[in-house]
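Beneath this line is the structure, given in structure tokens, with notes to follow.
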Amino acid sequence: MTASSRRTTESSAGTRPGGGPVPLPTPKFASAARSALADTGLRRNLRGATAEARARTSAATAEAADWDALREAGRAIGDATLLNLDVHLEELERGVTGAGGVVHWAVDAAEAREVVTGLVRASGAKEVVKASSATLREIGLDAALARAGVTAYETAIADLVVGVGGDEPSHLLSPALHRDRAEIAELFRRTLPAAADLGDDPAGLAAAARAHLRDRLLRARVAVTGANFLVAETGTPVVLESEGNARMCLSLPDTLITVAGIDKVVPAWADLEVFLQLLPRAAGAGPMTPYAASWPGVTPGDGPRAFHLVLVDNGRTRALADEVGRAALRCVRCSACVNVCPVYERTGGRAYGPVYPGPIGAILTPQLRGVESAADASLPYASTLCGACADVCPVKIDIPGVLVHLRGAVVESRRRRPVPTPELALMRGLAWTMGDARRYETALRRSTRWARLLSRGGRIRRLPGLLGKWTEARDLPAPPAESFRAWWARRRP
């Protein structure tokens, strides 16, 4: 790799100091979730799909007698890799370049988009096929390609459904989880030329998608993929899939571009053996994934003639510097935590933002983007802290612990604002009031009197002003006629 193609992790246009991306404006989680909570059809689809996924995962993990030992091995490998990530990344680069590939380093999403669009322009192609991944959505590649006059075609059926529906993905592994068969059939009838008489039979839906995609795959000159893992010792990206579309993207086009986060590295093939057992079982796919494709570089006369690996930081080094939060970088994107989350089951994935849904999104997105924006600061609170996500995580990420840690980071970031938030102003007022016994007793008497006036039938159903947020989803009991302090003073000898 030439010196000019390698970038350092300095702040640049579109980034914040430290290499993190500038967050795009998105609504707070509570606001974004309201439409999903009101959509009974969506909630029915989510409830059925997540229940089925939980059952498959439970059956798959129960078959492995050494499941707990595998989980512990995955955790240990992940932690050791992150602690020596710089060494493994340099080894990965040597392996890729030694096999005829080119490595590009992208400090943020904007630089990653620039690299990929530049490579596509250089090829002269006006179309690309994609074996999509969360990282490609994270960097916003589709919009960048469209601005460059390049049409991107999704090759996975679920991604195709999301695309033709003008929708946002709702799940890491099943982006169209929020759609049922009837909805997918209707989308295909409206958007696919040869599907006018299509029913909602799964085999028919798959055949229609195959017919739609096959010609595009056969004529494609450029393919863009993600990677589940990057094996450092040989410079080999690895993709796990169940449809075979990624294999066609890897073998048919002249130019192959793989975009992956720097956290995807595993040191050696022996380490990959552990994850190849963990990921499919945790994802509910059974003992192994149907297709596991790997490609070390360029082989003359076989497959692509040019291979480019784009390694993306986009806030990962900032997460790596957090001793608690860095555990999120161990994630293998199995979605086990998503499928057991009671919050996700009711809201779906779109309320978490455009890329990472569920519990892992609630801890990963705020670290990649920062907690300065209201939307990202709201994600660590999108949880009941029930702990189900930690129980099923195949690499033992303590998601509730990271959530609590990030809530503390949100509070600390608010302390630095020149104008305090209403919540912070209220807490400071309470601290001043409760710091003196006389002030506290006076405030207690007055607030108790006002609370009784607001109560009806022993319950307070609506508090005024900003306090009304508390009573949007719950009633409060009316205060007793006599406070504990008054009762104690009366009974004390």
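Only one of these is touching a Leu at 6+ places or on another chain (Cβ under 8 Å) and buried (at least 23 other Cβ atoms within 10 Å of the Cβ): Thr289, Thr225. Name it. Just a single option satisfies the conditions, and that option is Thr225. Might you let me know whether the stretch 358-377 holds any residue that is closer than 22 Å to Arg281 by Cβ, acidic (Asp, Glu) and out of contact with any Gly (no Cβ under 9 Å at 6 or more places or on another chain)? Scanning the stretch 358-377 turns up no residue that is closer than 22 Å to Arg281 by Cβ, acidic (Asp, Glu) and out of contact with any Gly (no Cβ under 9 Å at 6 or more places or on another chain).
Ala443 passes every criterion in (1) more than 41 Å from the chain's Cα centre (by Cα); (2) within 29 Å of Val343 (Cα to Cα) apart from (2).
Within the stretch 405-419, the presence of a residue that is open to solvent by 70 Å² or more (accessible area, probe 1.4 Å) and touching a residue at least 24 places away in the same chain (Cβ under 8 Å) is excluded.
Name every residue in the stretch 43-91 that is in a helix (DSSP H, G or I), of a type in the set (D, E, K, R) and either free of Cβ contacts under 8 Å to residues at least 12 places away in the same chain or loosely packed, with under 14 Cβ neighbours inside 10 Å (or both), in order of residue number.
We begin by selecting, within the stretch 43-91, every residue in a helix (DSSP H, G or I); these are 43-62, 67-83, 85-91.
Then drop every residue that is not of a type in the set (D, E, K, R), which leaves 43-44, 47, 52, 54, 56, 68, 71-72, 75, 79, 86, 90-91.
Once the filter is applied, which keeps residues that are in a helix (DSSP H, G or I), of a type in the set (D, E, K, R) and either free of Cβ contacts under 8 Å to residues at least 12 places away in the same chain or loosely packed, with under 14 Cβ neighbours inside 10 Å (or both), the stretch 43-91 yields Arg44, Arg47, Glu52, Asp68, Asp86, Glu90.
Looking at (1) open to solvent by 10 Å² or more (accessible area, probe 1.4 Å); (2) under 10 Å from the mean Cα position of the chain (by Cα), which is the only condition Ile363 fails? Tallying (1) open to solvent by 10 Å² or more (accessible area, probe 1.4 Å); (2) under 10 Å from the mean Cα position of the chain (by Cα), Ile363 fails exactly one: (1).
Out of the stretch 292-314, which residues are open to solvent by 30 Å² or more (accessible area, probe 1.4 Å) and either in a loop (DSSP other than H, G, I, E, B) or on the phi > 0 side of the Ramachandran plot (or both)? Listed by number, the residues that qualify are Pro296, Val298, Pro300, Gly301, Gly303, Arg305.
Considering only helices (runs of 4 or more DSSP H) fully contained in the stretch 394-461, which possess at least 2 residues that are within 30 Å of Leu276 (Cβ to Cβ)? Break it down stepwise before answering.
Numbers: elements: 399-415, 422-434, 437-454.
Filter on the stretch 394-461 gives 399-415.
Exactly one residue among Arg474, Arg449, Arg459 is open to solvent by 80 Å² or more (accessible area, probe 1.4 Å) and touching a strand residue (DSSP E or B) at 6+ places or on another chain (Cβ under 7 Å), and that residue is Arg459. The requirement of being under 37 Å from the mean Cα position of the chain (by Cα), under 27 Å from Asp79 (Cβ atoms) and open to solvent by less than 30 Å² (accessible area, probe 1.4 Å) is satisfied by Cys393. For beta carbons closer than 9 Å, sequence separation of 6+ or different chains, a first residue in the stretch 176-194 that is more than 24 Å from Pro357 (Cβ to Cβ) and aliphatic (A, V, I, L, M) and a second that is part of a loop (DSSP other than H, G, I, E, B) and open to solvent by less than 60 Å² (accessible area, probe 1.4 Å), the qualifying pairs are Ala185/Ala195; Ala185/Leu198; Ala185/Gly199; Leu192/Leu198.
For the stretch 373-386, does any single residue satisfy the condition of being among the aliphatic types (A, V, I, L, M) and out of contact with any Pro (no Cβ under 9 Å at 6 or more places or on another chain)? There is no residue in the stretch 373-386 that is among the aliphatic types (A, V, I, L, M) and out of contact with any Pro (no Cβ under 9 Å at 6 or more places or on another chain). The residues of the stretch 320-346 that are assigned to a helix (DSSP H, G or I), among the β-branched types (Val, Ile, Thr) and open to solvent by 10 Å² or more (accessible area, probe 1.4 Å), listed by number, are Val340, Val343. Being surrounded by 17 or more Cβ atoms within 10 Å (Cβ to Cβ) and either closer than 19 Å to Arg137 by Cβ or basic (Lys, Arg) (or both) narrows it down to one of Leu198, Leu177, so name that one. After applying the criteria, what remains is Leu177.
The residues listed here are Thr317, Thr384; of these, the one that is assigned to a loop (DSSP other than H, G, I, E, B), more than 15 Å from the chain's Cα centre (by Cα) and either touching a residue at least 24 places away in the same chain (Cβ under 8 Å) or in the same structural domain as His88 (by TED's automatic domain parsing) (or both) is Thr384.
Taken as a whole, the structure leaves Ala131 outside the set of residues that are surrounded by fewer than 20 Cβ atoms within 10 Å (Cβ to Cβ), small (Gly, Ala, Ser) and within 22 Å of the chain's Cα centre (by Cα). When you scan the stretch 153-169, do you find a residue that is touching a Gly at 6+ places or on another chain (Cβ under 7 Å), under 20 Å from Thr40 (Cβ atoms) and surrounded by 23 or more Cβ atoms within 10 Å (Cβ to Cβ), even just one? There is no residue in the stretch 153-169 that is touching a Gly at 6+ places or on another chain (Cβ under 7 Å), under 20 Å from Thr40 (Cβ atoms) and surrounded by 23 or more Cβ atoms within 10 Å (Cβ to Cβ). Within the stretch 129-168, the set of residues being at pLDDT below 85 and part of a loop (DSSP other than H, G, I, E, B) comprises Ser132, Ser133, Gly165, Gly166, Asp167, Glu168.
The values are calculated or read from the model by the stated rules, or taken from the named source; none is laboratory data. The structure presented is a predicted model; accordingly, all values stated were derived computationally and were not measured. So basically every Cβ, Gly included, is an ideal-geometry build from the backbone, and we count neighbours across all protein chains shown. Keep in mind that these areas ignore ligands, DNA and RNA; they rest on the heavy atoms of the full protein, side chains included. Shrake-Rupley method; radii C 1.70, N 1.55, O 1.52, S 1.80 Å.
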